[in-house]
């Protein structure tokens, strides 16, 4: 989400923070992502339909593996206002694609406030539908798709699970929700407890939700595809993995979402990492806690893929 020492994102500094993020966030090229031939990488486009523009996708997989691979359809973080589809790939390829022999497709959704709900989630849905429809030529298995993401991307992945259920779209076998951004209301205890302390606190969070929702921010009738914590029906969803830190703004909404899935009869694995703040494994990737979190995700993915 940004550097720990940074002041919160506010409406007044949002444009400047977006410009800075676009300038400094890594955006590796296809050649760099191929890493000397370790990975097969290509940029793709789901074509424009109606008022929705084409959606850029980056598809990557370990080189030299034949046959259709399971695929992690991954959505980047950045609070719906920052980030790109390329920057997340080196870590995903190293940590997940290689050991699990899976493909990763990362989607470049439009960012708020230039794009407001439902545009970003519709971009993600369109990319998922296109990838499933072209699974054979992409060398992936449309029956073994996991939707996932971190922070804003985790919220979008949860929204995709709801959308695919309700629209009869491609059916994911799992949803990987890492510190997911699920609730626009900002009423949880943790959002108040960590105000001014977490790397992404309630001020930044409110700014991001306002940018995404505009006049719909905080309204009673907001659809669950905008903020999945608003969902009243969590039946029939794919198996979920939820991860959050005990010292982050999103702690209580992630715990509540896992609990709601259980109450609806669904399957969810929840990890609350002690003392962890938002983005802990990005800031301290070699820390024991970060390694434990990475191992837990990998074990869950392996179980889902082998069942």
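List the number of the failed condition for residue 198; all other conditions in (1) within 16 Å of the chain's Cα centre (by Cα); (2) buried (at least 23 other Cβ atoms within 10 Å of the Cβ) hold. (1) is the only condition that residue 198 fails. Residue 110 falls short on exactly one of the conditions (1) in contact with a helix residue (DSSP H, G or I) (Cβ under 7 Å, 6 or more places away or on another chain); (2) part of a loop (DSSP other than H, G, I, E, B); (3) buried (at least 23 other Cβ atoms within 10 Å of the Cβ), and that condition is (3). Residues in the stretch 117-147 that are farther than 22 Å from residue 213 by Cβ, part of a strand (DSSP E or B) and touching a strand residue (DSSP E or B) at 6+ places or on another chain (Cβ under 7 Å): 140, 141, 144, 145, 146.
Within the stretch 178-191, is there a residue that is at pLDDT 95 or above, buried (at least 17 other Cβ atoms within 10 Å of the Cβ) and in contact with a strand residue (DSSP E or B) (Cβ under 6 Å, 6 or more places away or on another chain)? Checked the stretch 178-191: at least one residue is at pLDDT 95 or above, buried (at least 17 other Cβ atoms within 10 Å of the Cβ) and in contact with a strand residue (DSSP E or B) (Cβ under 6 Å, 6 or more places away or on another chain).
For residues that are surrounded by 14 or more Cβ atoms within 10 Å (Cβ to Cβ) and without any contact (Cβ under 8 Å) to a residue 24 or more places away in the chain, scanning just the stretch 9-29, find the one that is farthest from the chain's Cα centre (by Cα). It would help to see each step written out before you state the result.
So the first thing to find is which residues in the stretch 9-29 are surrounded by 14 or more Cβ atoms within 10 Å (Cβ to Cβ), and the list is 9, 13-14, 17-18, 20-21, 25, 28.
If we keep only those that are without any contact (Cβ under 8 Å) to a residue 24 or more places away in the chain too, we end up with 13, 20.
Numbers: 13: 24, 20: 21 Å.
Taking the candidates together, the pick is 13.
Close contacts from the stretch 189-218, counting a first residue that is touching a residue at least 40 places away in the same chain (Cβ under 8 Å) and at positive phi and a second that is assigned to a helix (DSSP H, G or I) and surrounded by fewer than 22 Cβ atoms within 10 Å (Cβ to Cβ), with Cβ to Cβ under 9 Å and a gap of 6+ residues or different chains, come to 196/202; 196/203.
When the criteria are applied in full, residue 89 fails the requirement of being out of contact with any helix residue (DSSP H, G or I) (no Cβ under 6 Å at 6 or more places or on another chain) and either buried (at least 18 other Cβ atoms within 10 Å of the Cβ) or at pLDDT 95 or above (or both). Taking the conditions (1) at pLDDT below 95; (2) more than 17 Å from residue 145 (Cβ to Cβ) in turn, residue 30 satisfies each one other than (1). The number of residues in the stretch 30-54 that are in contact (Cβ under 8 Å) with a residue 40 or more places away in the chain, in contact with a strand residue (DSSP E or B) (Cβ under 7 Å, 6 or more places away or on another chain) and over 29 Å from residue 302 (Cα atoms) comes to 0. When residue 169 is tested against the conditions (1) over 15 Å from the mean Cα position of the chain (by Cα); (2) under 17 Å from residue 105 (Cβ atoms); (3) surrounded by 20 or more Cβ atoms within 10 Å (Cβ to Cβ), the lone failure is (3). Would you mind stating whether residue 123 is out of contact with any helix residue (DSSP H, G or I) (no Cβ under 7 Å at 6 or more places or on another chain), surrounded by fewer than 21 Cβ atoms within 10 Å (Cβ to Cβ), under 30 Å from residue 63 (Cβ atoms) and modelled with pLDDT of 95 or more? So residue 123 does not fit the description; no.
The values are calculated or read from the model by the stated rules, or taken from the named source; none is laboratory data. Given the structure is predicted, the values throughout are model-derived calculations rather than measurements. Glycine also receives a Cβ, built like all others from the backbone with ideal geometry; neighbour counts cover every protein chain displayed.
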